[in-house]
Structure formats: structure tokens, C-alpha cells
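Please treat every number below as a calculation from the coordinates, not as lab data. Computed from a predicted model, the values in this text were never measured in an experiment. FYI the Cβ positions are ideal-geometry reconstructions off the backbone, even for glycines, and counts take in every protein chain you see.
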Amino acid sequence: MHDLTFCQEILTALSEKRKKLTKNHKIKVAHVSISPLSHVTPETLRETFAVMVKGTPFAGIKLNVGILQLGIKCESCKKGFMVDKPTFECPECHGQVLNLIYQKEFVVDSIETDKRPKGTGKRSKKAVTKRR
């Protein structure tokens, strides 16, 4: 179910971006990141996105899915650290009482566009627009 929610957020971001583009621009790639604690995998998110955009103006857009980092604090040594997968041990003192201090569930990182110069079928370099 989270994959549907995340895909809806992607579609909202793509719709907003599309409204700002001229007809010489085309959205090529959406870069997003998910939490390693999410119940969604990159594969299921890409599959759900492909199904949702089939037959729409967003069909054919590539979806790159990265993994967000988690902020963890060790209660034994009080050190904080960032990880990209769940851990049960402090890398400093090997303590096992850890608290999650930073986590984002999902982020649309950027949307890449491709511009076609007027009068030619050739494409120019892609432009990247960052969000959040």
C-alpha cells in the first residue's frame, strides 16, 4: 500500500514539473529515495510506477530509486551515525541500545528533463531540477 502512496507523490511531482515545461521539453527520469525501513522495495516501487503510468503522458519515464540514510544514536557511547540499512550494533562501542534519531520515509530527489532545440530532432543536454 505504501508503494501506491509513494507513486502518487511521484505523479504529483511529475504533474507539477510538466506544467512548468515548454513543449520542447520532455521528462526523462525521476529520482526518488525510500527509507531502508520502508515496506517498499525499489523493485516493487518501479513495478507499481510502471503500472500506474501505463497509457498516460508519463509512460516511458525512468524511475531511479535510491535508499535514504537513517540517523542512529548509541545510548552507551552517545555517538551518532548514519546508516543505509538497519543495524543492531554501534560501530564505535558495539553497544546494542540504539535510538533512531532521523528518518525520512520517501523523497522525490529530482526530475530530469530533455530539451529538443527548435527545428531539429536532436536533443540537448538534460536539465536536472531538484526538489526538497
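Tabulated results
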quantity	calculated
Pairwise FRET efficiency - T22 versus E105, Cβ, R0 = 30 Å, nearest 0.05	0.35
Charge dipole magnitude, Cβ of K and R +1, D and E -1 - segment 1-45, Cα centre, debye nearest 20	520 debye
Rounded, prolate or oblate (a/c below 1.5 giving rounded, otherwise prolate when a/b exceeds b/c) for segment 50-106 by Cα gyration tensor	prolate
Chain lengthening between S76 and L37 when straightened (0.36 nm per residue, less Cα-Cα)	11.7 nm
Range in the chain, longest, excluding exposed GluC sites (Glu not before Pro) [loop by DSSP; at most 16 other beta-carbon atoms within 10 Å]	1-74
Note, ³J(HN,Hα) from phi for segment 38-55, Karplus 6.51, -1.76, 1.60, rounded to Hz, x at Gly and Pro	5, 8, 10, 9, x, 5, 5, 5, 5, 5, 5, 4, 4, 5, 5, 8, 4, x
Approximate shape of the chain as ellipsoid semi-axes (Cα gyration tensor, √5λ), whole Å, largest first	38, 16, 11
Simple spin-label estimate for D84 and E47 in nanometres, 7 Å along Cα-Cβ	2.3 nm
Cross-link pairs beyond the 29 Å C-alpha cut-off, checked among K19/K85; K28/K104; K19/K54; K62/K85; K20/K85; K17/K85	K19/K85; K20/K85; K17/K85
Interchain or long-range residues, amide H under 5 Å from S76's placed H	V97
Net length gained if the chain between K54 and H2 were fully extended (0.36 nm per residue, minus Cα distance)	16.8 nm
Label point at T12 placed 7 Å out along Cα→Cβ; residues across segment 45-61 whose backbone nitrogen lies under 20 Å	45-46, 48-54, 57-59
